[in-house]
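Written out below as structure tokens is the structure these notes cover.
What follows is calculated from the coordinates using simple rules that are stated; it is not laboratory data. Quick caveat: nothing in here was measured; it's all calculated off a predicted structure.
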Amino acid sequence: GRDRTLTSFLLIAVGGALGALSRYYLDTAVTRLLGPTVLGIFLINITGSFSLGVFISAAENHITWQNNASLFASIGFLGSYTTFSVLTVATVTLVESGNLPRAALNIGGSIVVGLAAALLGFYLGKLL
């Protein structure tokens, strides 16, 4: 009922806030270390893909995780931690600046490496 809805809302909201803050601080740290680059978002999306793969796979073996933990981790934290929109806008920016090889590497690498990370995470999660 109402208590469940409030609990769900709070789990998603807190997870989302923590995921967004984590994304911001990791991207900022990478930018400080390497200068302006798309590598921070690349790293975020890859680690997020891996983490979601682990979580989804591990949750299959832990029925008690599936509701509240899924709301917090999958929808809240990882939903706001990873960012498709920043990936695509960064790629468009690279195209606009004439850096087509880097744009292709950014989008293609994100998809290929992201899929590999999710697959690895999925298989490792089965071990938990």
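Please give the length that would be gained between V89 and T5 if that part of the chain were fully extended, namely 0.36 nm times their separation in residues minus their C-alpha to C-alpha distance (nm, one decimal). Mind showing how you got there, number by number?
On the way: separation 84, 0.36 × 84 = 30.24 nm, distance 3.41 nm.
So the extension gain works out to 26.8 nm.
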(message) Using only Cα atoms and rounding to the nearest 10 degrees, what angle (0 to 90) does helix 2-34 make with the longest principal axis of the chain?
(response) 30
(request) Could you point to the label whose value was computed as Rg and Dmax of the Cα atoms in Å for the structure here, given (1) 15.3, 48; (2) 26.5, 78; (3) 16.4, 54? (result) (3)
(request) Name the most mobile residue of T31, T82, T47, meaning the one with the largest mean-square fluctuation, in a Gaussian network model of the chain with Cα contacts below 10 Å. (result) T31
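If each DSSP helix of 4+ residues adds -39,500 (n - 2.57) and the sum is divided by the residues in the chain, what number results at 222 nm, nearest 500 deg cm²/dmol? Walk me through the numbers before you get to the answer.
Details: 5 runs with 99 residues, N = 128.
Roughly -26500 deg cm²/dmol at 222 nm, from the helical runs in the chain.
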